[in-house]
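This is the structure I want to talk about, given as structure tokens.
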Amino acid sequence: MSKKAFITGVTGQDGSYLAELLLEKGYEVHGLVRRLSSGNMRHLEPILRDSSKPFRMQLGDLTDSGRLTNLLRGIAPDEVYNLAAQSDDVVSVGAPEYTAEINGMGPVRLMESIRQAGIKARFFQASSSEMFGSAKVSPQSEETPFNPRSPYGFAKVFAHGMVGYYRNVHKLYAVSGILFNHESPRRGEAFVTRKITKGLANILAGKQKKIVFGNLKSKRDWGYAKDYVQAMWLTLQQKTPQDYVIATGENHSIQEFLKEAFSYVKLDYRKYVKTDPKLARKVDIREMRGNNSKAKKVLGWKPSVDFKQLVRLMMDADLNVLGLKLPN
């Protein structure tokens, strides 16, 4: 019999790529969809067009533990991936209670639902590099102390700690993947990488004149989302559950991303980019870089797409949406 997987956040960047990966591996995939997001299926269109694929959508959300327990008992998945979240670190500052509810308590409800349903599912929690915040050590590893600087980061730290609790106390096979920034053409347009690539495509199409940023100096460890969902799957295939940093081990500034994107289309970014201090984070984290040595050693995982390739594949996708080609 084929394995079954249950994915929350299945309509998002990571969830849709993970669903595709698991279907390719022969899984039966069930995706949790909120009623409010059920119309946002564009990332799932390749799957939904093929009626032969064993993919099922299940209505529910992370605030309803009764519904979660009933779903998990009925489906009896082998693997549960929690990718649902209030995913914007900046938004979390204005919505701390909601962020704590979804990002903090949501994973707890899922793990408790697995326990209450009496199933043997393995559980993956999407933790975040934002938990490190203003870390005093670089690169950050699984042993680096957390120092969150936003409600998003604090909620993720709580959930991360509860994964350890369920693993140690209730003997649940529960794993946290501490995911550093990972991008793709499916990245939301509110995130800085898509703001750059989509904004640049709009400039080339004559739809936009400038792109405005708050701070160009912030550095992040940017990887490719399809690589990261492969790592998620690998964490649940091991003999014993452990937490892993998933990162490239490199960091690049927003300015570097701009330079790479604009040089790809033969433009000087300085002519099209403005900075506005009002757009800067109130508490900005200047530099993030992950130590992926454990993931490489234990999982046999490493990134397949480097920084330059990532920028270019995102640019190609946004150019293609507008029917544009690279300038000669």
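Please find, among Met315, Met232, the residue that is at pLDDT 95 or above, under 15 Å from Gly177 (Cα atoms) and surrounded by 17 or more Cβ atoms within 10 Å (Cβ to Cβ). Show your work before the answer.
On the way: Met315 fails: under 15 Å from Gly177 (Cα atoms).
Testing whether each residue is at pLDDT 95 or above, under 15 Å from Gly177 (Cα atoms) and surrounded by 17 or more Cβ atoms within 10 Å (Cβ to Cβ) leaves just Met232.
Pick out the one residue from Gly323, Gly249 that is at pLDDT 95 or above, at positive phi and open to solvent by less than 60 Å² (accessible area, probe 1.4 Å). Show your work before the answer.
Values: Gly323 fails: open to solvent by less than 60 Å² (accessible area, probe 1.4 Å).
Just a single option satisfies the conditions, and that option is Gly249.
Suppose we filter Leu22, Leu62 for residues that are assigned to a helix (DSSP H, G or I), touching a residue at least 24 places away in the same chain (Cβ under 8 Å) and buried (at least 19 other Cβ atoms within 10 Å of the Cβ); which single one remains?
Details: Leu62 fails: assigned to a helix (DSSP H, G or I).
Being assigned to a helix (DSSP H, G or I), touching a residue at least 24 places away in the same chain (Cβ under 8 Å) and buried (at least 19 other Cβ atoms within 10 Å of the Cβ) holds for just one of Leu22, Leu62, which is Leu22.
Just to check your reading of the model, which residue among Lys207, Lys217, Lys239, Lys195 is surrounded by fewer than 20 Cβ atoms within 10 Å (Cβ to Cβ), at pLDDT 95 or above and touching a strand residue (DSSP E or B) at 6+ places or on another chain (Cβ under 7 Å)?
Lys195
Just one of the numbered conditions (1) free of Cβ contacts under 8 Å to residues at least 40 places away in the same chain; (2) more than 19 Å from the chain's Cα centre (by Cα); (3) over 30 Å from Asn215 (Cα atoms) is not true of Leu71; which one?
(1)
Rundown of residues vs (1) within 18 Å of Phe191 (Cβ to Cβ); (2) under 16 Å from the mean Cα position of the chain (by Cα); (3) among the β-branched types (Val, Ile, Thr), yes/no style:
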residue	(1), (2), (3)
Ser16	yes, yes, no
Leu21	no, yes, no
Gly26	no, no, no
Asp61	no, no, no
Tyr81	no, yes, no
Val90	yes, yes, yes
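Taking the range 65-102, which residues are aromatic (Phe, Trp, Tyr) and open to solvent by 30 Å² or more (accessible area, probe 1.4 Å)? Let's see the steps before the verdict.
Filtering the range 65-102 down to residues aromatic (Phe, Trp, Tyr) leaves 81, 98.
Once the filter is applied, which keeps residues that are aromatic (Phe, Trp, Tyr) and open to solvent by 30 Å² or more (accessible area, probe 1.4 Å), the range 65-102 yields only Tyr98.
In the range 25-46, how many are within 25 Å of Asn70 (Cα to Cα) and in a helix (DSSP H, G or I)? Explain how you work it out, then say what you get.
Here is the first cut: in the range 25-46, the residues within 25 Å of Asn70 (Cα to Cα) are 26-41, 44.
Retained after the next criterion (residues that are in a helix (DSSP H, G or I)): 35-37, 44.
The qualifying residues number 4.
How about the range 233-260: which of its residues are touching a helix residue (DSSP H, G or I) at 6+ places or on another chain (Cβ under 6 Å) and of a type in the set (Ser, Thr, Tyr)?
Once the filter is applied, which keeps residues that are touching a helix residue (DSSP H, G or I) at 6+ places or on another chain (Cβ under 6 Å) and of a type in the set (Ser, Thr, Tyr), the range 233-260 yields only Tyr244.
Do you know which of the residues in the range 280-296 that are among the basic types (Lys, Arg) and modelled with pLDDT under 90 is surrounded by the most Cβ atoms within 10 Å (Cβ to Cβ)? Explain how you work it out, then say what you get.
First, pick out the residues of the range 280-296 that are among the basic types (Lys, Arg): 281-282, 286, 289, 294, 296.
Next, from what is left, pick out any that are modelled with pLDDT under 90: 281-282, 286.
On the way: Arg281: 14, Lys282: 8, Arg286: 11.
Out of the qualifying residues, it is Arg281.
Another one. Select from the range 160-192 the residues that are open to solvent by less than 40 Å² (accessible area, probe 1.4 Å) and among the hydroxyl-bearing types (Ser, Thr, Tyr) and list them in ascending order.
Within the range 160-192, Tyr166, Tyr173, Ser176, Ser184 qualify.
The values are calculated or read from the model by the stated rules, or taken from the named source; none is laboratory data. These numbers come from a predicted model, not from an experiment. Reconstructed Cβ throughout: ideal geometry from the backbone, glycine too, with neighbour counts over all protein chains shown. Note: accessible area is taken over every heavy atom of the protein model, side chains too, but ligands, DNA and RNA are not part of it. Shrake-Rupley method; radii C 1.70, N 1.55, O 1.52, S 1.80 Å.
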